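Heads up, the thing below is written out as C-alpha cells.
Coordinate-derived values only; no laboratory data. Note that this is a predicted model, so its numbers are computed, not measured. Backbone-built Cβ (ideal geometry, glycine too); neighbour counts: all protein chains shown.
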Amino acid sequence: MILAPEVDVSAATKSDPTGEERSGGVMRGMLRGAGLALVAFALAGCVAEPAPPPDLEAGRGFDRHALYWLGPEFEGLPLTYLELDSEIPSVVYGDCDASEHPCTLPLDIQITPLCRHLKVVSVTAEPQLVRGAPLGRSDGAPVLLTRTVQIKVYAYDEALALRALQALRSLNDVEPVVPASESFPPPAAGVLGGSRPCA
C-alpha cells in the first residue's frame, strides 16, 4: 500500500472575515492528491526495463583502446551489460533491482585511456603490483594502471574487485592483448611519477 507523504496543512486553515476558522479540507485533499501523483510518478520512473543482451561482437570490434573482460560470467555473476558508446566503456557483471531502491551493481569494470584523469588516481611511491602493473585508487575503487589504459573496478567488496583484476583478459584485439594467465605491461617509466609526460 502506498501512502501519500505527510503534508503540513496548517497554512491551509485560515480565518474568514467573521473570525471563524474554516477547514482546509479542500486544500488538504488537493495536497494529498498531488502527493500521490508525485509518488506514482517517482515509482514509474524507477521501473527498470530489461536490458538487451551484451553485444560481444561490438566489444570484439571496439578499436579506441584495449578492452578487458572476465568472460561470460564471473563467480556466478553473469555478464549483463557492455557499454561502449560512452567516454568510459564499462563491462558489468550482475544486476540489481532499481525499482525498489537505489542500488549498486555487483561488479562494474571501467576501462579508459591511461592518460585520462591520471592525476586524480592516487598511487603510492611503491605501489602494490597486480599482474605486473601498479595498483592505484580513484573514488575509493582499485585502478590497475597498464601501459595504455586504466582499469577501474567498482564492486560490492574490495576482495571481489581484486579477484576480478587477477582474472581479466582481452575482449578485443587492440594491443596489448593479454590472456588471463599473463601480466599486463606497466606504464612507461616516469609516467606515474610525472618525470615523463603521459602520451
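Some points to look at:
- Calculated FRET value between residue 55 and residue 174, using beta carbons and R₀ = 25 Å, to 0.05: 0.90
- A protection proxy built from the mean count of other Cβ atoms within 10 Å ranks the segments 108-118, 71-81, most packed first, as 108-118, 71-81.
- Anisotropy class assigned to the range 85-166 is prolate, per the alpha carbon gyration tensor with a/c at or over the 1.5 cut-off and a/b larger than b/c.
- Relative protection proxy for 89-95, 189-195, from highest mean packing down: 89-95, 189-195 (other beta-carbon atoms within 10 angstrom).
- Treating r as the C-beta distance of residue 181 and residue 100 and R0 as 35 Å, the FRET efficiency rounds to 0.30.
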